[in-house]
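Take a look at the structure set out below.
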Amino acid sequence: MVMKEFIRKYKHAWVFLYGLIYFPWFFWLEQRHVSGYHLIYASLDRKIPFCEYFIIPYLLWFAYVVGTLLLFLFTQSKEEFYKLTGNLFVGMSVCLGICTLWPNIQVLRPVVDPNQNIFCWLVSMIYRADTPTNVFPSIHVYASIGVHIALVRSTYGKKYPIFRLASGLLMLSIILSTMFLKQHSVLDVMAATILSSGMYSLIYRTEFGKEGYRVFRRRRKAAKA
């Protein structure tokens, strides 16, 4: 009985089924073989020094995104939850779509000695697990901006300025980490920022975004009738 009530209350978690699309798509892109890649490079990339300590905010990205998704599932309105997930999942699909149609690669990674310190060891682990392909736009950057926007709009963000500040600093440190760890080019960051701006306007500012959730609810009710 308790389980049925829990499922009924949080049935909007069905959108997490997107993972069944995202992860196979992402890993297919990582493993596929193409005849050639488009090189992503800007002269500014070489002026940004490698700094292994940025592995900390880079890894915190996973907790930042997953934690926010769970926070919105359990504490925020369904409308805000759907806007967050719609913003993230549609935008991430656009990123994968670009990489599918326009294979890209970066060659910025330095040689990292994993025995130098724990941070270098973590960086070397990331380098081995994640290829330098499919980097444009940066999903790390795109999702970080999307999560911060949602947190600022949340009940916690509206009530506690320190909450907004903490989220903003973490978002900024994650974005910087992608460049200081040589995981992404400045161009990847710029493309993700532009995409985030467009998706924000679509989801949060246009009539499509404002009315989309209400239309979705009406259609669900009509389907059940």
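The values are calculated or read from the model by the stated rules, or taken from the named source; none is laboratory data. As the structure is a prediction and not an experimental result, all values here were calculated from the model. All Cβ positions, even for glycine, are placed from backbone atoms using ideal geometry, and neighbour counts span all protein chains on display. These area figures cover heavy atoms from the full protein model, side chains too; ligands, DNA and RNA do not enter into them. Shrake-Rupley method; radii C 1.70, N 1.55, O 1.52, S 1.80 Å.
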Within the accessible area of segment 50-100 (1.4 Å probe), percent carbon and sulfur: 78 percent
Relative contact order, percent, segment 127-179 [alpha-carbon distance under 8 Å, six or more residues apart]: 41 percent
Prolate/oblate/rounded label for segment 24-81 (Cα gyration tensor, a/c 1.5): oblate
Segment 81-120 - accessible surface per residue (Å², probe 1.4 Å): 42 Å²
Accessible surface, per residue, of segment 4-58 when the full set of protein chains is kept, probe 1.4 Å, Å²: 73 Å²
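Taking all pairs of distinct Cα atoms, average 1/r, flip it, and tell me the Kirkwood hydrodynamic radius of the chain in Å to one decimal place. Mind showing how you got there, number by number?
Working: mean 1/r = 0.0526 Å⁻¹.
Taking the inverse mean of 1/r over all distinct Cα pairs, the chain comes out at 19.0 Å.
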Cβ-defined net charge surrounding ARG164, 14 Å radius [Lys, Arg +1; Asp, Glu -1]: +3
Sulfur and carbon atoms: percent of accessible area, segment 123-211 [1.4 Å]: 72 percent
Karplus-derived HN-Hα couplings along segment 110-127 (A = 6.51, B = -1.76, C = 1.60, θ = phi - 60°), whole Hz, x at Gly and Pro: x, 7, 10, 8, x, 8, 5, 6, 5, 5, 5, 4, 5, 4, 5, 5, 5, 4
By average C-beta atoms within 10 angstrom, highest first, the peptides 5-11, 118-124: 118-124, 5-11
Low-density loop cleavage sites - GluC sites (Glu not before Pro) in segment 18-120, where at most 11 other Cβ are within 10 Å (DSSP): none
